[in-house]
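Laboratory data are not the source of any read-out in this text; all were calculated from the coordinates shown. These numbers were taken from a predicted model, which means no experiment stands behind them. A quick note on method: Cβ atoms are made from the backbone with ideal geometry, for glycine too, and the neighbour counts reach across all protein chains shown.
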Amino acid sequence: MEKVYKMQSRNLQVFYQNFQALQGINMDIEENKVTALIGPSGCGKSTFLRSLNRLNELIEGTTTKGQVYLDRQAVYTNEVNVVELRKSVGMVFQKPSVFPMSIYENVAYGPRIHGITKKNRLDDIVEKSLKSANLWKEVSNRLNSPAARLSGGQQQRLVIARVLAVDPEVILMDEPASALDPISTARLEELIAELKSNYSIVIVTHNMQQAARISDYTGFFLNGDLVEFNNTADIFVNPRDKRTEDYITGRFG
């Protein structure tokens, strides 16, 4: 079956003032797959992730060259509505960033911003999103209680529900399990496996075992360069580049 690429980058370069953080990245992100980005701290993987929905533009002094495509449409053009882009390409950050409001209002927030105001429609979206994030059973009887009272793992799943509520096509995750305990991490990994049937997922992780468990493809970044990109089994069992092998065997990083 022919591969369908949801997003692509071509000669993507990012500069933070005079520092070049990405060295011209070419990557094809397949639809309905999990793509993991690995590499040591400061190697450019989070910069690449944020480039996919133009979040780097929020950092002063950032310049981006090259191009990113979503469904073969260029992302870096003046015609692109960045708000709509970030709706289509949602982001889950390292630390759960719940809003200081109820569980219900956290999930309903995005749809409200995008013009959905009818209570029954919002109720449906909230329920569907929480079910998709495997959180509904745990919170359905306390939707009006503060989101901040949830555990760390529940908060991260609530953030995912919030992303799902605006009906994205791609979900970006920047080390979403790094602040979670092992049980919450396992739940999150199960959720990612379920979500990929409906979404394309790109995840930055420091945990190489996690990358090996949950991803279909893995990209290894080093010093702002994409050293190697391949299906995950080949990256971990039969890497083509000595630097990849050295990293995954723990010789550095």
## Note on the structure
Here the relative contact order (percent) of the chain, from C-alpha pairs under 8 Å and at least 6 apart, is 27
### Task
Quick one: dipole size for the stretch 3-79, taken about the Cα centre, charges +1 on Lys/Arg Cβ and -1 on Asp/Glu Cβ, in debye to the nearest 20.
160
#### Entry: For the stretch 153-253, the Rg and Dmax computed from alpha carbons only, in angstrom
14.5, 42
### Query
Nearest 0.05, what FRET efficiency do Thr63 and Asp234 give at R0 = 30 Å with Cβ-Cβ as r?
0.35
### Task
Find how many whole Å separate the alpha carbon centroid of the stretch 85-107 from the alpha carbon centroid of the stretch 220-253.
32
### Query
Out of Ala36, Gly115, Asn11, whose Cα points farthest toward the positive end of the dipole of the chain (charges: +1 Lys, Arg; -1 Asp, Glu; placed on Cβ)?
Gly115
### Task
Would you be so kind as to identify which of Tyr104, Pro176, Asn231 lies farthest towards the positive end of the dipole of the stretch 5-248, taking Lys and Arg as +1 and Asp and Glu as -1 on Cβ and the Cα centre as origin?
Tyr104
### Message
A 30 angstrom limit on the alpha carbon distance is what I want to check against. Which of Lys33/Lys137; Lys87/Lys242; Lys45/Lys242 exceed it?
### Response
Lys87/Lys242
### Task
For the chain, give the magnitude of the charge dipole about the Cα centre (Cβ charges: +1 Lys/Arg, -1 Asp/Glu; no others), in debye to the nearest 20.
560
### Message
On the Cα set of the stretch 12-57, report Rg and Dmax in Å, please.
### Response
11.2, 36
## Note on the structure
Within the set Asn56, Asn26, Asn120, GNM on the chain using Cα springs under 10 Å gives the largest fluctuation to Asn120
### Query
Dividing the alpha-carbon radius of gyration of the chain by 2.2 N^0.38 Å (N being the number of residues), what value is obtained?
1.01
### Highest-first arrangement of 107-116, 205-214, where packing means the average Cβ count within 10 Å
205-214, 107-116
